[in-house]
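**Student:** Below is the structure I would like to discuss, written out as structure tokens.
The values are calculated or read from the model by the stated rules, or taken from the named source; none is laboratory data. Note that this is a predicted model, so its numbers are computed, not measured. Heads up, the Cβs are rebuilt from the backbone with ideal geometry, glycines too, and the neighbour counts pull from every protein chain shown. Keep in mind that these areas ignore ligands, DNA and RNA; they rest on the heavy atoms of the full protein, side chains included. Shrake-Rupley method; radii C 1.70, N 1.55, O 1.52, S 1.80 Å.
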2 protein chains.
Amino acid sequence: MVELIENADGFRYVVVEKQIMEQIHDGTLNPGDKLPSLRKLSSRLHVGLATVNQAYLELERKGVVEARPRSGFYVRSTFRKMPEPPCRQHSEPLVPTKATRGELIRTVLKGVGRKDILPFGVATIGQELLPIKALNRMLTTVIRETPLAAAQYESIEGNFELRRQIAMHVIEEGVTASPEEIIITSGCQEALNIALRALTRPGDIVLITVPAYYCFLHLLENLGLRAVEISSCPESGINPDDVRRAVSMNDVKVCIFNPNFNNPDGSLTPDEAKRDIVAALAEKNIPLIEDEVYADIHFGPLRPLSFRTFDRKGLVIQCSSFSKTLAPGYRVGWIMPGRFFNKIFHVKATTNICTATPTQMAVAEYLRAGLYRRHLKQLRAGIEEQMRHMQYLVSRYFPEDTKVTHPLGGAVLWLELDAKVDSVDYFYRALEQGIGVAPGVVFSSQDKFANYIRLNCGHAVSQDLEKGIQVLGKLAGTLAFSAK
Amino acid sequence: MVELIENADGFRYVVVEKQIMEQIHDGTLNPGDKLPSLRKLSSRLHVGLATVNQAYLELERKGVVEARPRSGFYVRSTFRKMPEPPCRQHSEPLVPTKATRGELIRTVLKGVGRKDILPFGVATIGQELLPIKALNRMLTTVIRETPLAAAQYESIEGNFELRRQIAMHVIEEGVTASPEEIIITSGCQEALNIALRALTRPGDIVLITVPAYYCFLHLLENLGLRAVEISSCPESGINPDDVRRAVSMNDVKVCIFNPNFNNPDGSLTPDEAKRDIVAALAEKNIPLIEDEVYADIHFGPLRPLSFRTFDRKGLVIQCSSFSKTLAPGYRVGWIMPGRFFNKIFHVKATTNICTATPTQMAVAEYLRAGLYRRHLKQLRAGIEEQMRHMQYLVSRYFPEDTKVTHPLGGAVLWLELDAKVDSVDYFYRALEQGIGVAPGVVFSSQDKFANYIRLNCGHAVSQDLEKGIQVLGKLAGTLAFSAK
């Protein structure tokens, strides 16, 4: 920065920059707005073109504006980077506990599909980002061209073409899988459910990282399992040493980890740590269930690797779905059960025989037509843009001491509010105003994260949604102030 | 009969009747063939019109031929009534056992959707009997008219209109249900699965009747449950005294019964016995899961009542689906959890969040259009016709000592073969010849029914299928003869 300040125009560009920032602050300029052209601003402010250019470049460097080729500069969605929530190493001993947040989770989940609640609470993706028209066209084609097949049972493992397409898709993770190693499930939740049911009995201990996707915890509670919780850090994901310590102290039956853009803290466990964790668990023959549902929504150029990449013993069970990338209502996901194929096959067969045929066939057709890769590219860009915009709105409307994550993928933000804010109270008050959020306490079975909330960034930020964030920000301030 | 023999034409009609029977026996006349007109046969045999008429009426009375209005007499599918398998009161004590037939069941289930295996093994319904065209049209309409909704998550409970339609449909059973008491599932198997998981823990005792639908047993095995088995009688279904005795001797956590056209023996438990069983279980507060998946396929004019009709305490959990009546591949079923709504709701939510949206909407539309009732009428007639035809073929091709059920509904026949026939051996030998059957042993966890097989009657009896029955009949004879 120093060298910029000391260039030909001296400090004058800083003045220009500040002025732009103020206009963004007071709402004269909004995210997505185009900045005045260099020429126009130069003449209006009586400064050189180079000065304005310098200011714009600096704003770009800070992530406040962005240059669009052959168009000019635009206000980016984020301009004030709030700090990330720090990694909280909880002092509780590593003892198994029972999850008991089922009722609250149920209330949170009621937001699914509700049109009268702003969709920050449930991790859905906006319809405008999903290729619903193309998918529905595939569905229509499938039932027109193979009307009888579409109405019949699929094999228990699922549609073969779909499994073949998934096998080709996951090659990107650095793994080779054959269609015969894949079982189609009714979404990722079912994949997790049948994996856990195949590998555990009530009372068994499961190792998870917290904050953890609350449906994990709901599932553990439902299956009568006990959780040992280690910390997930927003910046660095899962620490292999924590895993080693936890499995040495407890009779862990299975782990469930979300290494790529963990829901809710968006953390990415580095590939080197993944290798290390897989090795540590392989030593003790502990199966590892990995939730990969967000892995395809990476903002960087490369898809992060999965645990499965490093698996040599068939101990890693990968679960994923198309619910975040194509259509949640189609209920199409998959599981790669590794060495547990037979067990998991039987659990799937006794759960619902097979997954619905028409939607499986439609997704298979969509993938076979080669449309998925291009769509994912657009989807990633769209979600990243929405997330930046949400970060901007949080920085604008939430109290200054709020901390918010800077994920490199996924579609949710994780906010640490003032320590005095009770997220359950916050949740109900927001709901009263028609706004869904996910309260921090549901992301652990031990009442950690009492002052955290998760915000879904899956939807384009309309005026209504912006107003919602404004209300949420104000509410955070009010509760911090009113709490004794 | 006596008064018929003593009528004006004396005994002459018996000669005519016998001649027709012989022609059916030797294949001159086949099921579905039209008998000669009264006038033609009368002139050919030199007997009076009244004599031929008398013979035809007698054949009709015996179920060998049928009169079709304004058309004449036709050979019915069945003409030689083989005896029903008697009710076997097994001498084993009422002790819980673990089901262990998973691998064999898996092999049987591999017949699902296989085009190279004749479909007697798996209880599917032929596509020509299902309104697949109309359903697919509904599906196309739904995704054209509400493209976005079809791609989104449904609520956990399922599509409201579908639940409303189901509530109206079940009124026929003599129960009133509101949409709020219904949860949509991915087929009846899922309904049974989540009901059992909500109400039991591994090691618990479940009371079932045998022969029992093998997917019950597969499910029990998978969930680590133990079964206490009482007998289902082909003629009279479940005996309330057996239920009383079983629950007094064992700590039964839950019962699963199939009162209306039990799969595989087709038995119908009388409504009075249903009332009695519900009362006996209510005394001990034992929940009763009833599988109603065949109840709509009744050959008599009225739908039999369900256990739920007599339930006053919310202890009856009804499970059913559209897999036998509309389209199995749509995976749409339902559960009415009674007083266990909350528990079962949570298990459903953690299993797969919700059932696929497009197929739910399509079925809802189909029902809303008022098409279901008329379709069921045709379906019942079609399946009854196929079952009569299958009974006829069994009587024609199987050894004389074979016993076969005479169900009043459902779509399967249950055959008792010579005591020396090992049904597992039989199963594999049939499979080698491309014919699926379900071997008797999978219908109990105690190796009962070793010499029984189940035949599916869901498909129109083509020449290929008839040849298949011929092979099966011969195989039954061979194995009875060759066994030591």
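**Student:** How much accessible area does residue B:421 have with a 1.4 Å probe, in Å² rounded to the nearest 10?
**Tutor:** 0
**Student:** A further question follows. Taking all pairs of different Cα atoms in the protein assembly as shown, averaging 1/r and flipping that mean, what Kirkwood radius in angstroms comes out?
**Tutor:** One over the average 1/r among Cα pairs gives 31.0 Å for the protein assembly as shown.
**Student:** Over 28 Å between Cα atoms: which of A:343/B:343; A:34/A:467; B:34/B:420 fall into that group?
**Tutor:** From the list (A:343/B:343; A:34/A:467; B:34/B:420), the Cα-Cα distance tops 28 Å for B:34/B:420.
**Student:** Something else: Heavy atoms only, probe 1.4 angstrom, no DNA, RNA or ligands counted: give me B:141, B:359 ranked by accessible area, highest first.
**Tutor:** Order by accessible area, largest first: B:141, B:359.
**Student:** Here's a follow-up. Treating only the Cβ of Lys, Arg, Asp and Glu as charged (+1, +1, -1, -1), what charge dipole size does the stretch B:404-464 show about its Cα centre? Round to the nearest 20 debye.
**Tutor:** Roughly 140 debye for the stretch B:404-464.
**Student:** Turning to a different aspect of this structure: Ordered shortest first, which distances in nm separate the 7 Å Cα→C-beta label point of residue B:463 from those of the other copies?
**Tutor:** Relative to the other copies, residue B:463 has label-point distances of 7.3 nm.
**Student:** Also, quick follow-up: Let me check against my output: what whole-number percent is the relative contact order of chain B, with C-alpha pairs under 8 Å and at least 6 apart? All intermediate terms of the calculation are to be shown ahead of the outcome.
**Tutor:** On the way: 941 pairs, mean separation 103.1, N = 484.
This gives 21 percent for chain B.
**Student:** Additional query: Sort shortest first the distances from residue A:370 to its counterpart in every other copy, using label points 7 Å along the Cα-to-beta-carbon line, and give them in nm.
**Tutor:** Result for residue A:370, in nm, nearest copy first: 5.0.
**Student:** Determine which chain A residue has its Cβ at minimum distance from the rotation axis mapping A onto B, giving the value in whole Å.
**Tutor:** Closest to the axis: A:356, 2.
**Student:** Which angle between 0 and 90 degrees, to the nearest 10, do you get for helix A:463-482 versus the longest principal axis of chain A when only C-alpha atoms count?
**Tutor:** 90
**Student:** Within straight cross-link reach of residue B:284, meaning Cα distance under 14 Å, which aspartates and glutamates are found once same-chain residues fewer than 8 apart are removed?
**Tutor:** Partners within reach: B:251, B:276, B:311.
**Student:** For residue B:148, what charge total do you get from the other residues with a beta carbon under 12 Å from its beta carbon, if Lys and Arg give +1 and Asp and Glu give -1?
**Tutor:** After counting each charged neighbour, the total is +1.
**Student:** Let me ask another. If you take the beta carbon distance between residue B:22 and residue B:428 as r and set R0 to 30 Å, what does 1/(1 + (r/R0)^6) give as a FRET efficiency, to the nearest 0.05?
**Tutor:** After rounding, the FRET efficiency stands at 0.20.
**Student:** Among DSSP beta bridges whose residues both lie in chain A, state the antiparallel percentage, nearest 5.
**Tutor:** Just about 60 percent of them are antiparallel.
**Student:** Take the alpha-carbon centre of the stretch A:221-279, take the same for the stretch A:356-423, and report the distance between them in whole Å.
**Tutor:** 22
**Student:** Separate question: Would you check the accessible area of residue B:422, probe 1.4 Å, heavy atoms only, in square angstrom rounded to 10?
**Tutor:** Accessible area, nearest 10 Å²: 70 Å².
**Student:** Something else now. With label points built 7 Å along Cα→Cβ from the Cα atoms of residue B:141 and residue A:312, find their separation and express it in nm.
**Tutor:** 6.0
**Student:** I'd like the accessible area for residue A:442, computed on protein heavy atoms only with a 1.4 Å probe and all protein chains in place. Round to 10 Å², please.
**Tutor:** Accessible area, nearest 10 Å²: 0 Å².
**Student:** Rounded to the nearest 0.05, what FRET efficiency do residue A:37 and residue A:241 give with R0 = 60 Å and r taken as the Cβ-Cβ distance? Could you check?
**Tutor:** With R0 = 60 Å, the Cβ-Cβ based efficiency is 0.65.
**Student:** With a 1.4 Å probe, what is the total accessible area buried between chains A and B, in Å² rounded to the nearest 100?
**Tutor:** The contact between B and A buries close to 4900 Å².
**Student:** For the stretch B:131-373, what is the convex hull volume of its Cα atoms per residue in Å³? Show your work: numbers first, answer last.
**Tutor:** Working: hull volume 27.0 nm³, N = 243.
Dividing the Cα hull volume of the stretch B:131-373 by its residue count gives 111 Å³.
**Student:** Kirkwood Rh and Cα-based Rg: tell me the resulting Rg over Rh for chain A, rounded to two decimals. Let's see the in-between values first.
**Tutor:** Working: Rg = 23.9 Å, Rh = 23.8 Å.
Result for chain A is an Rg/Rh of 1.00.
**Student:** Obtain the nm distance between the two label points defined at residue A:60 and residue A:279 by a simple spin-label model: each point lies 7 Å from its Cα along the Cα-to-C-beta direction.
**Tutor:** Rounded to a tenth, the inter-label distance reads 4.3 nm.
**Student:** Report for the protein assembly as shown the percent antiparallel among DSSP-assigned beta bridges with both residues inside it, nearest 5.
**Tutor:** The answer is about 60 percent antiparallel.
**Student:** If the reach is capped at under 28 angstrom between alpha carbons, list the lysines near residue B:40, excluding any in the same chain fewer than eight residues apart.
**Tutor:** Reachable lysines: B:18, B:62.
**Student:** Whenever you get a sec, line up A:160, B:341, A:257, B:481 from highest to lowest accessible area (probe 1.4 Å, protein heavy atoms).
**Tutor:** Greatest to least solvent exposure: B:481, A:160, B:341, A:257.
**Student:** With each run of n ≥ 4 DSSP H residues scored as -39500 (n - 2.57), what mean residue ellipticity at 222 nm is computed for the protein assembly as shown after dividing by its residue count and rounding to the nearest 500 deg cm²/dmol?
**Tutor:** -13000 deg cm²/dmol
**Student:** Can I get the semi-axes of the stretch A:344-439's equivalent ellipsoid? Compute them from the C-alpha gyration tensor as square roots of 5 times the eigenvalues, in angstrom, largest first.
**Tutor:** 37, 22, 12
**Student:** Looking only at Cβ-Cβ distances, which cysteines of chain A have no other cysteine closer than 4.7 Å?
**Tutor:** For chain A, the answer is A:188, A:215, A:255, A:319, A:354, A:457, because their Cβ atoms have no other cysteine Cβ under 4.7 Å.
**Student:** Net charge near residue A:348, counting Lys/Arg +1 and Asp/Glu -1 over other residues with Cβ under 12 Å of its Cβ?
**Tutor:** Local net charge: -1.
**Student:** If the reach is capped at under 24 angstrom between alpha carbons, list the lysines near residue B:324, excluding any in the same chain fewer than eight residues apart.
**Tutor:** A:348, B:110, B:115, B:133, B:274, B:348, B:377
**Student:** Which distances, shortest first and in nm, link residue B:146 to the matching position in the other copies, using label points set 7 Å out along Cα to C-beta?
**Tutor:** 2.8
**Student:** Just add up the charged neighbours of residue A:73: K/R +1, D/E -1, any other residue whose Cβ is under 9 Å from the Cβ of residue A:73.
**Tutor:** Residues near residue A:73 contribute 0 overall.
**Student:** Report the Cα-based extents of the stretch A:295-345 along its three principal axes, largest first, to the nearest Å.
**Tutor:** 31, 28, 6
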